[in-house]
Each structure stands twice: as structure tokens, then as C-alpha cells.
1. Tell me which of G219, H316, A280 sits at the most positive position along the dipole axis of region 203-341, charges placed on C-beta atoms (Lys, Arg +1; Asp, Glu -1).
2. Does a label point 7 Å from the Cα of E50, set along Cα-to-beta-carbon, have any residues of region 378-416 with amide nitrogen under 20 Å, and which are they?
3. List nothing, just return the count: lysine pairs in the chain, 8 or more apart or interchain, with Cα separation under 25 Å.
4. Please state, as a whole number in µm²/s, the translational diffusion coefficient that the Stokes-Einstein equation yields for region 73-128 at 25 °C and 0.890 mPa s, with Rh defined as the Kirkwood radius across alpha carbon pairs.
5. Out of residues 5 or more away from G108 or on other chains, whose amide H comes under 5 Å of its own, with H placed 1.01 Å from N in the peptide plane?
6. Counting just the Cα atoms, what span does region 147-290 cover along each of its three principal axes? Round to the nearest Å and put the largest first.
7. Treat every Asp and Glu Cβ in the chain as -1 and every Lys and Arg Cβ as +1, leave all other atoms uncharged, and give the resulting dipole magnitude about the Cα centre to the nearest 20 debye.
8. Assuming R0 = 60 Å, can you tell me the calculated FRET efficiency for the pair I306 and S124, based on Cβ-Cβ distance, to the nearest 0.05?
Amino acid sequence: MSPTNPLNQNMTPRLKPLPPRRSTMLSVLDIGTTKVVCIVAQLQPWEGIETLRRRSHLVRVVGIGHHRSQGLKGGVVVDLEAAENAIRQAVHAAERMARVEIQSVILGLSGARLGSQHFEAQISVRGGPVGEEDRARVLRLAATDGIAQERIAVHALPTRYSLDAQSDIADPAGMIGDNLGVALHVVSAQSAAVRNLMLAVERCHLGVEAVVASPFAAGLSALADDESEMGAVVIDCGGGATGISVFENGHLAHVDAFAVGGHHVTMDIARGLSTGIAAAERLKLVHGSAMADQTDERDLFTVPQIGDDERSARKHLPKSQLVKIVQPRIEEILELARDRLAAVGFTPRPGRRVVLTGGASQLAGLPQQAARILEGQVRIGRPLGIKALPEAAKGPAFAAATGLLVYPQIAHEEYFDMRNGGFFAGTGTDGYLSRVGRWLRESF
């Protein structure tokens, strides 16, 4: 059995509370396997709208930059210098558009073997009204349970409280009872992968204010409040990894990820048709489909061969041949998602809402395959309630990045005991990696 560390001694940086009645500027950085996105936005207090009642601020984008990702595989850094270069390019583009200098970012995490654990604890309150100290005490007790030493806690979210026989209490403050219980949902990731991703950011002279699991962020961006309350599964189909987040009763109930995504489809096409990777990506976007159609035999497309010049004869193939390559991989991704959900008790059911985000979700026929395999009501998820977003960024490929702008509005719901902070404790300005960043800036 691997050694464990208490949750509150093995966490990523915690975000400072968002000023409830003040506007604020913040920057986010979503580092994926295929693209790096940096967004600068202003958060302005507002009353909210019916579909997004939980949001306390209106998000208005003032700058955005994105660049082809480098140095990452499956969401994990494999070449630190290349990753740093891609981050710099995206950040500089966002700075130029917003006309600001970015000092720190909220960082999106898509790989690093994301996973969920659930802990419970109960204390006696001796019949008195539940106070803030009681709530903190039961949360501290739940957080004494450990996660594996090689993992780090990214989120710690109380999902429900109980008081004696009454369960599913949203907030027990002021209520009377003898025994107070809590269920704590912890999202963790591989520690070394998180540290290396943060180090790539620190090398760009940027502080990390918080780390957010990308599947969680995608759900925050693409789900309406009612969907989150009634229950929904978000499948974030990225290039190098597919993330899963489950929302129930307005809370994040489960997070998972596996290192198979849209780039694997591209590589299958490149190998199957003996063409270059860039050409395979274009073929996937223009002609690819996850479902066969009666017209596929009649529809022809041109396949450039590796090493061809413009004068060379090119191969013409029916679309059915491309579909035969794409469909099995898409089915594999969706079946993996289904099986991983079933393994933790989230079995498919016809009425469940399934929301697809990520760039790979735009593949033709994917929603229909998802409805068949996951047995739910499927829709494509796009950023909700984000103002001044460029037209090119309004699709599902930017759901996770824009969700990082929503996260500060619900970050206060997470549990983090500042008195027991450990390796990554603090607000993003005094952690170990921030000290490393300062050393790099001062030394070079």
C-alpha cells in the first residue's frame, strides 16, 4: 500500500476570494496537447440571469491569445523548453490585445491522471446550533484522510452535509442537531506532472494563482444551472486526452481523464492513408465523420501522399474509407468514457444529459455516436455567459478555457485549511514553485 499525505498538506495553490462587489481583472491559461489558450477578462458584479444563477460576476473578455501547443503529450509536459515557448506565444498575444502585462494566471490542467476520491466524517455538536467552527472542524476531520504520496489534491469540495437523520443539507449553519456529517469530494492529479506544468508557467515569469481540472472548468462554462442540478455528464474531447466530469445536485461529483483524444484520430488517418499529419488533420476536419452514410461510397476526396509536390498525381478515395478509419477510434473513446463511468457507479441511462466539449467534439457524427453509446440526451456544449468573446472562440473547443474565468466565482466553496498548508500552500504567490520562479527571474 502506497504512503499517503493528509489532503491539506498536499494541495495546489488556493485562489484568493473574489471581491463580491468590485470589478477585477484576471488572466487564465489553458494548456492542452493541441493548443495553448490565454485569456484576459474583466469580472464585473451582476445580479445574474435565470439560467446562470450561481454566477456572481459578468465575464467580459478583453484579450485572448492562442498558439499551437508544443512539448506536451496527453496533457503532460515532455519537453519543458518547447512548452515554455508555446506558453510565451499565447500569453504575449493576449497581452497585446488586452494592452496589459500579465503577472499571474489561473491554470487549466487536462492530463496528469486526474481522478476522484470521496471522504466522509462526522462530529458531535451536542444539540446546539451549528456554527462556522463546527463546519470547519468536520471538514478538517474529513481532510485528515490521505491521498497517495505521488498525487496532489487539485480540488476539495464539500458535496453535502448531514445533521442527525437529515441528509443532503446544502448549508447546516444555524441548524440544530447532535451529529454533523460531511461528504468531501477530492480531485487529485499526478504530483510530478502538475509540478512540471506549473514550472513551465513559472519559467515564463508568471505566478500560478490556482490550478483547475479542465473537465471541471468545461462543465462550469457549458452547463446551465438546471443541468448541473438535475445531473449531467460532460465529456471534454481534447486533442491528447479526454476528460470526464459529472455534476449532480449542483456539485461536481466525479472527475476522470484518459490519454486518448482527437490527435489519435488524426494519427490513425495519417497511418491508414499514408499521408502527412497536417494533411490528415485537414482530412479529418473537412471530410471526417464518426458515422457511415449512404452517400459515402459516391463522395470522393483527395489524399496528398507524403513527399508529393503539386505536380504529382494524387490519390482519390471514397469517403467510406476515411469513415472506416475514424469511426472505430471514436467508438473506442466513447466506450472508454462509458466504462469508466460505469466502474464508479454512473451507469448510462436514457434521461441523463450528456454535454460534449473540446475541439474533437466538433467531428461530424460524434453526437449521434455518443447518444448511442452513452444512452443520454446529447448536445454540444459552448461557453455560456461570456461577453466579448471572439467568434472563433465561441465553440466547444474553448469551453475549458472560458470555464477558468467562471471558476473564481465558485472557488470559495472549496475547502482549504490555511493553517495546515503544505507543499503548495498559499494563494499562488508564496508556494514552492513561485519561489522557484522568483529565483529564475533573479538569476537569469
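1. H316
2. Only 384-386 fall inside the zone, counting backbone N under 20 Å.
3. Taking the chain as the scope, the lysine pair count is 11.
4. Numbers: Rh = 15.6 Å.
For these conditions, the coefficient is 158 µm²/s.
5. Amide H neighbours of G108, under 5 Å, 5+ apart: L29, D30, I31, V212.
6. 69, 38, 26 Å, listed from the longest principal axis down.
7. 920 debye
8. 0.25
The values are calculated or read from the model by the stated rules, or taken from the named source; none is laboratory data. Owing to the predicted nature of the structure, the values given are computational and were not obtained by experimental measurement. Positions of Cβ are generated from backbone atoms using ideal geometry, with glycine treated the same way; all protein chains shown enter the neighbour counts. Heavy atoms of the whole protein, side chains included, go into the accessibility calculation; ligands, DNA and RNA do not. Shrake-Rupley method; radii C 1.70, N 1.55, O 1.52, S 1.80 Å.
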